[in-house]
1. Read phi for every residue in region 93-107 and hand back ³J(HN,Hα) as whole Hz from Karplus 6.51 cos²θ - 1.76 cosθ + 1.60, θ = phi - 60°, with x for Gly and Pro.
2. How much of the accessible area of the chain, probe 1.4 Å, is carbon plus sulfur, in whole percent?
3. So what J values fall out for region 258-269 if you push phi through Karplus, 6.51 cos²θ - 1.76 cosθ + 1.60 with θ = phi - 60°, rounded to Hz, Gly and Pro as x?
4. Quick one: check the C-alpha center-to-center distance for region 76-114 versus region 196-259, whole angstrom.
5. Spelling out what I want: for every residue of region 219-224, take phi, set θ = phi - 60°, compute 6.51 cos²θ - 1.76 cosθ + 1.60 (Karplus), and round to whole Hz; glycine and proline get x.
6. Hey, of (i) 42, 19, 16; (ii) 39, 21, 18; (iii) 62, 19, 16, which did the structure itself give for semi-axes √(5λ) of the Cα gyration tensor in Å when calculated?
7. Considering the convex hull of the alpha carbon atoms of region 1-130, report its projected area averaged over all viewing directions, in nm², one decimal.
8. Under 5 Å between amide H atoms, partner at least 5 residues away or on a different chain: which partners does L248 have, H built in plane at 1.01 Å?
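The values are calculated or read from the model by the stated rules, or taken from the named source; none is laboratory data. Not measured: the values here are computed from a predicted model. Using ideal geometry, Cβ is built from the backbone for each residue, glycine included, and neighbour counts are taken over all protein chains shown. Protein only, heavy atoms only, side chains kept; ligands, DNA and RNA dropped before computing areas. Shrake-Rupley method; radii C 1.70, N 1.55, O 1.52, S 1.80 Å.
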Amino acid sequence: MDQLFTIGQLSKLYDIKIPTLRYYDDVGILKPAKVDPESHYRYYSTEEFERLNVIKYLRALDVPISDIKKFFDARDISTLENLLEKQQAEVEQQMKTLQAVNGRITSRLKQVRDAKNSVLGKIEYLNLPETPIVYLRRNYQLSEDIEVPLTALRRKYGLDQAIFLGKIALSLSKQNMLANKFNQYSGILMILESGDEREATSFLSAGSYLRIRFHGTHENSAESYRQLIKYCQDHLLTIIDDAIEITLIDYGITNDFDKYVTEIRLPVR
């Protein structure tokens, strides 16, 4: 009879944990050549080596155990082809997903670094592209807990809980701004980015914007709004729509209030 190897020896030869080999036995993809009826010890022959090599190869390709079992049950070329084609399609999808995740990480790093290095109190004139958003049209005052309307936003549009800093914004109506009502917002929205798997409910128009960044959060925005209004008056600019206010750095990522940064975008012509 061929030389037999204990499960411990097989584990060392193939660098596979003993519980994994027992699991392979339980699911029926790697049965031992012999099981001692008294001690229940498993023994493997060199015939199992070849089968284990195939299992390791397929597991390295991330093929599920259930598909490996189907292959061994059939043991034909077409089954292997179908198995590999299916796995290839899944890997390609995973690659697309990872590329999208990597893109979002790159975007987030760029945004955080940009916010960290902001020049505060300076008004800039920008041309911005059309921006997709998910918008919840609801009046909001600073005295409210913002998590309540945010929860309504997530529930209404089926959003997940992983909403990152810099994506949630408040809109301040043109009317309220010109009436110096800087603490009465007209809505809460989420700015969508490349790779987001949800449809926009609205868009921020492409065009000319004034942008200012200031130290603090929404509670500290009034002076910046006054600064923007005066700038428009001095430069003969017309405010054409609601302002968008985005907290770029706040308690979500730092306990240091001195590092808080908020941005206001004001559409003008």
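1. Per residue, the Karplus-derived 3J(HN,Hα) values read 5, 4, 5, 4, 5, 5, 5, 5, 4, 4, x, 6, 5, 4, 4 Hz.
2. Working: 8150 of 16240 Å².
Of all accessible area on the chain, carbon and sulfur atoms account for 50 percent.
3. 4, 9, 5, 9, 10, 10, 10, 10, 10, x, 9, 8
4. 35
5. For region 219-224, the Karplus-derived couplings read 5, 10, 8, 3, 4, 5 Hz, x marking Gly and Pro.
6. (iii)
7. Numbers: hull surface 58.8 nm².
For region 1-130, averaging the hull's shadow over all directions gives 14.7 nm².
8. Answer set, sorted by chain and number: V261, T262, E263.
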